[in-house]
Amino acid sequence: MLKKILTLSTLFFSLSAAAGNFNAGEHYIELGDKSFKSENQVVKVYSANCPFCYKYEVAVIPNMVKNLPSDMGYDAYHITSKPPFGKEKTDVIAAAKIMGNTQYTKLKMALYAKYHDANEKFSNGEEVYTFAAKELNTSVTELKQKAASPEAKALITKWDSGIEIAKIQGIPALVVNGKYLIKTSSIRSMPMLDELIAELATK
């Protein structure tokens, strides 16, 4: 899926796509009752346990965000449902998020690298907190307090609206305005992805 996007990223996209002729069911899915509130945004539903999410994070998302329509933003929802230790990883990522975007990015990428590059696994949930606390230069106690704060809990609740989305075609999942799930298998190039997002943004 990702490989297809990357290897064809320099090619022209199809004439139908260039003309803006994107179709529900072929290029995107209307979420209906699975929609969530996220106006003027593209949301990536992801997990640090997902190798494709990591590849998207490095190779796709930066260019996608750069080319978003001027009135659109970007957000990412880390979901609790993907093992191992999905809840603990979501807790520490949420704690890092409320500490600031620098801390959030640092921890997210450290978790990706540990799991997918170094192939190092946590033995239990407590190790997740210990690792995260070290990366964030804080104590486990303080980190757990932040993860248990109302702000972090609200963030996690919002993120977990992506769990049902992940069940549709897996992750990473790209959702426009909380209503339209992009069928990543239909994407043939980065320009095509940009065009599809731009069209869905106006719906």
Scan of the stretch 178-203 for residues that are outside any helix (DSSP H, G or I) and within 17 Å of Leu31 (Cα to Cα), ordered by number: Gly178, Lys179, Tyr180, Leu181, Ile182, Lys183, Thr202, Lys203
Counted residues, the stretch 171-203 - those being touching a Cys at 6+ places or on another chain (Cβ under 8 Å) and surrounded by fewer than 22 Cβ atoms within 10 Å (Cβ to Cβ): 0
Condition check for Ile79: closer than 21 Å to Ile61 by Cβ, touching a Cys at 6+ places or on another chain (Cβ under 8 Å), in contact (Cβ under 8 Å) with a residue 40 or more places away in the chain and buried (at least 19 other Cβ atoms within 10 Å of the Cβ): no
Leu155 being part of a helix (DSSP H, G or I), surrounded by 22 or more Cβ atoms within 10 Å (Cβ to Cβ) and in contact (Cβ under 8 Å) with a residue 24 or more places away in the chain: no
Hey, Glu39 over 17 Å from Arg188 (Cβ atoms), among the charged types (D, E, K, R) and either surrounded by fewer than 20 Cβ atoms within 10 Å (Cβ to Cβ) or at pLDDT below 95 (or both) or not: yes
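The values are calculated or read from the model by the stated rules, or taken from the named source; none is laboratory data. Computed from a prediction, not measured in an experiment: that's the story for all the values here. Methodologically, a virtual Cβ is constructed for each residue, glycine included, from the backbone with ideal geometry; neighbour enumeration extends over all protein chains shown.
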